[in-house]
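**Q** Below is the structure I would like to discuss, written out as structure tokens.
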Amino acid sequence: MVKLKVKDVEFSYASVPILKNVCIELAESEMLSVVGPNGAGKSTLLRCIDRILSPQKGCILLDERDIKKMSRMELAKKVGYIPQSTTSIFSATVFDVVLIGRRPHISWRSSEEDTEKVLEILQMLNIEEFAMRDINELSGGQQQKVFIACALSQEPDVLLLDEPTSNLDIRHQLEVMDIIKNIVIEKGIAAIMAIHDLNLAARYADRIIMMNSGKIFAAGNPASVLTPENIRHVYGVESEVMDKRGRPHIVPIRPVGKPLKLTV
Amino acid sequence: MKMASSAETKTGMEKRAEIKARYKKFIGRKIIFILSSLVLIFIIAGVAATLGSFPISVIAVYSIIWHGIPEIFHNAGFIMSHGFKEFYQTYFTTEEIIIWGLRLPRIIMGILAGIGLAIAGTTMQGVVRNPLASPYTLGIASAASFGATLAIILGAGFVTGKYIIIVNAFVFALLSSFIIYGLSRYKSATPETMILAGIALMYLFSAMTGILQYFGEAEAVKEVVFWMFGSLGRASWDKLSLMSVIIAFCIPLIMLKSWDLNALGVGDERAKSLGVNVEQTRIVCFVLASLVTAGIICFTGTIGFIGLVSPHMCRMVIGGDNRYLIPASGLFGAALLLGADTIARTIVAPVILPVGLITSFMGVPLFLYLIMRKRKEYW
């Protein structure tokens, strides 16, 4: 079933176009990776889907309802967003940060049910031992898990992740990706992830969208999108793509020529 | 996780119960802190009321207050028609008049100013997500000072008579916050725009105050300087009633926003995705905090440091959850300010120092000590 539909979305910052004619369909329990060079519009797309930015054209339908017609709180109950930038956080315990994720569901007092939800999520992500620690004392990888927990306690149907693995060591990268994959499978959540690491995208995503200059350049399963030709066109990088257990594995070799710039 | 064996599930359940217990204990600690601050205010107030040229014991103080309250309710009609001052001068004994007429107004002003400034500081720190913020960060103190200076040196103001300084200070304080409000409406309310605009206004108003002082009479300039120190010496019941109306209106509204302030703490985008209207929250809280600050400093002058220090001290003890931090820092701020004023009245008695000087003298070493002692990053 189609959970989320992005239809002909266009977005510009002060008349500089960032997104052009972007169309995406996302099913329940599907994990979609968005790849593309810096400035391709990946983050902007995620922000549009969570209505942090409003596209000038096109519409975004969630369960066939236009998100523009929903209240912020209504949207917050359905879409969780984990931004890339971690602005310095106020002193807060891990527990309290995850509890903040319950915001769309509580007005002033948090109930016993909220407490239980937070505990359940902490346990699910295996971070319950940090529950009473201050978030600023944790490592980047641990913090990322806390932010995922915060978004999960929102109980969203759609999870948007912007570079969830940047700045993480390889173990934490895998742990975080496993967590996301598990949530997608177990909870039936649909996830859209902007990601730079093509190999992680290839390994975990059900489907990949490759963006360039605000447009979708290629879309489909990892093997069909992550080809040497596409990578050369979009990134201007010569690469070798190998097959690792049915998933493409990309070895970048050298930059070549100039990456193709799509014109409007 | 779903397929975990029963033994594992059990340890999982145990772990969960343990975390829950620790979380409950943490909340308990916050509540104890809030209650202790209340008790502390009560004790300091009692001690403060005994100080002065006329000796009254602590017990007598509490008893006078205790018996005064029903008396006031009993004669509410008389107070309504003749005023509070007329009432206690007619009905009360000398001791009672000293407590109710002279010492209690000062004490209550200390409590209200402490609560208001500390909560305004906590709110500002949350709004601009910056540990250096205080009620005065956005230029409100300089603006209020300019208003007061205008009244003192030139005698120019929005009203005439004895309230000219108060009204001027209040109006200019709000004027500065409305300028910032306007600017942030025009160019999105990010912490950076707000802080920079606040600093710019601070310089502008300081310069304007400077010009007035430069050309002012020596006596008037001295009065301006005294005003800026901040003092509780000008307390009276009618001022208190105005002050408490503003505080009673704004603080519950700020507290209703504590969840949203918490959400701002994890970053604007995250807060937006949690359904929080970030810019509106920021502006509403900022305007409320400004209103509280203006409503206090127009009566007391710019009492410094309480609004910066009290939130930090409380954050070190009870953490950053604004649902608890706002009341805690308010009450603790009241205790701090009352304590500082008690010292200000006794340290070189019979000379009474302005409390604004003592808050800094007392607060800075205490604050530095806490920062040094605290190993972990609490901010």
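**Q** What are the residues in the stretch B:53-85 that are under 30 Å from residue B:346 (Cα atoms), aromatic (Phe, Trp, Tyr) and surrounded by fewer than 14 Cβ atoms within 10 Å (Cβ to Cβ), if any?
**A** B:54, B:66
**Q** Filtering the stretch A:74-112 down to residues that are at pLDDT 90 or above and in a strand (DSSP E or B), which residue is nearest to the other protein chains (Cβ to nearest Cβ)?
**A** A:81
**Q** So, residue A:154, is that one modelled with pLDDT of 90 or more and assigned to a loop (DSSP other than H, G, I, E, B) or not?
**A** Values: modelled with pLDDT of 90 or more: yes; assigned to a loop (DSSP other than H, G, I, E, B): yes.
Yes, satisfied.
**Q** Inside the stretch B:205-254, can you point out the residues that are acidic (Asp, Glu) and not in a helix (DSSP H, G or I)? Can you show your working first?
**A** Taking the stretch B:205-254 first, the residues acidic (Asp, Glu) are B:217, B:219, B:223, B:238.
Within the stretch B:205-254, B:217 is the sole residue that qualifies.
**Q** Moving on to the next point. Has the stretch B:16-30 got at least one residue that is modelled with pLDDT of 90 or more and within 29 Å of residue B:230 (Cβ to Cβ)?
**A** no
**Q** All but one of (1) at the interface with another protein chain (Cβ under 7 Å from one of its Cβ atoms); (2) in a strand (DSSP E or B) hold for residue A:161; which doesn't?
**A** (1)
**Q** Do we find a residue being within 25 Å of residue B:366 (Cβ to Cβ), within 13 Å of chain A (Cβ to nearest Cβ) and of a type outside the set (D, E, K, R) anywhere in the stretch B:297-312? Before the answer, list the steps.
**A** Just the residues of the stretch B:297-312 that are within 25 Å of residue B:366 (Cβ to Cβ), to begin with: B:297, B:300-312.
Subset that is within 13 Å of chain A (Cβ to nearest Cβ): B:311-312.
Those still in the list that are of a type outside the set (D, E, K, R) too: B:311-312.
Yes, the stretch B:297-312 contains at least one residue that is within 25 Å of residue B:366 (Cβ to Cβ), within 13 Å of chain A (Cβ to nearest Cβ) and of a type outside the set (D, E, K, R).
**Q** Looking at the stretch B:349-379 only, could you name the residues that are more than 30 Å from residue B:266 (Cα to Cα) and at pLDDT below 85? Full working, then the answer.
**A** Going residue by residue through the stretch B:349-379, those that are more than 30 Å from residue B:266 (Cα to Cα) are B:349-362, B:365.
Residues satisfying the conditions are B:349, B:350, B:360, B:361, B:362, B:365.
Conditions (1) at pLDDT 90 or above; (2) under 19 Å from residue A:42 (Cα atoms); (3) in the same structural domain as residue A:19 (by TED's automatic domain parsing), marked per residue:
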| position | (1), (2), (3) |
| --- | --- |
| A:225 | yes, yes, yes |
| A:241 | yes, no, yes |
| A:250 | yes, no, yes |
| A:260 | no, yes, yes |
| A:263 | no, yes, yes |
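**Q** Continuing with the same structure: In the stretch B:334-348, how many residues are touching a residue at least 24 places away in the same chain (Cβ under 8 Å) and either aromatic (Phe, Trp, Tyr) or surrounded by fewer than 16 Cβ atoms within 10 Å (Cβ to Cβ) (or both)?
**A** Qualifying residue count for the region: 1.
**Q** While we're looking at this one, here's another question. Taking the stretch A:46-62 as the search range and keeping residues that are part of a loop (DSSP other than H, G, I, E, B) and touching a strand residue (DSSP E or B) at 6+ places or on another chain (Cβ under 7 Å), which one is nearest to residue A:136 (Cα to Cα)? Step through it out loud before you land on a result.
**A** Here is the first cut: in the stretch A:46-62, the ones part of a loop (DSSP other than H, G, I, E, B) are A:50-56.
The next check asks that each one be touching a strand residue (DSSP E or B) at 6+ places or on another chain (Cβ under 7 Å); those that pass are A:50, A:53, A:55-56.
Details: A:50: 26, A:53: 28, A:55: 34, A:56: 38 Å.
Checking each candidate, the answer is A:50.
**Q** Which of the numbered conditions does residue A:188 fail, given that it passes all the others? Conditions: (1) within 21 Å of residue A:26 (Cβ to Cβ); (2) free of Cβ contacts under 8 Å to residues at least 24 places away in the same chain; (3) not aliphatic (A, V, I, L, M).
**A** (2)
**Q** Can you confirm whether the stretch A:117-134 contains a residue that is crowded, with 20+ Cβ neighbours inside 10 Å, in contact (Cβ under 8 Å) with a residue 12 or more places away in the chain and either among the polar types (S, T, N, Q) or within 16 Å of residue B:273 (Cα to Cα) (or both)?
**A** Within the stretch A:117-134, not a single residue is crowded, with 20+ Cβ neighbours inside 10 Å, in contact (Cβ under 8 Å) with a residue 12 or more places away in the chain and either among the polar types (S, T, N, Q) or within 16 Å of residue B:273 (Cα to Cα) (or both).
**Q** Assess whether residue A:43 counts as being more than 8 Å from every other protein chain (Cβ to nearest Cβ), assigned to a helix (DSSP H, G or I) and touching a residue at least 24 places away in the same chain (Cβ under 8 Å). Don't jump to the end; show me each part of the working.
**A** Numbers: more than 8 Å from every other protein chain (Cβ to nearest Cβ): yes; assigned to a helix (DSSP H, G or I): yes; touching a residue at least 24 places away in the same chain (Cβ under 8 Å): yes.
So residue A:43 passes the test.
**Q** Picking from B:315, B:345, B:323, which residue would you name as being of a type in the set (Lys, Arg) and more than 14 Å from chain A (Cβ to nearest Cβ)?
**A** Numbers: B:315 fails: more than 14 Å from chain A (Cβ to nearest Cβ); B:323 fails: more than 14 Å from chain A (Cβ to nearest Cβ).
Only one candidate passes the filter, namely B:345.
**Q** Within the stretch A:17-37, does at least one residue satisfy the condition of being under 27 Å from residue A:105 (Cα atoms), free of Cβ contacts under 8 Å to residues at least 24 places away in the same chain, among the small types (Gly, Ala, Ser) and in the same structural domain as residue A:220 (by TED's automatic domain parsing)?
**A** No: the stretch A:17-37 contains no residue that is under 27 Å from residue A:105 (Cα atoms), free of Cβ contacts under 8 Å to residues at least 24 places away in the same chain, among the small types (Gly, Ala, Ser) and in the same structural domain as residue A:220 (by TED's automatic domain parsing).
The values are calculated or read from the model by the stated rules, or taken from the named source; none is laboratory data. What you see is a predicted model, and the numbers here were worked out from it, not measured in a lab. Cβ coordinates were reconstructed from backbone atoms using ideal geometry, including for glycine residues, and neighbour counts include every protein chain displayed.
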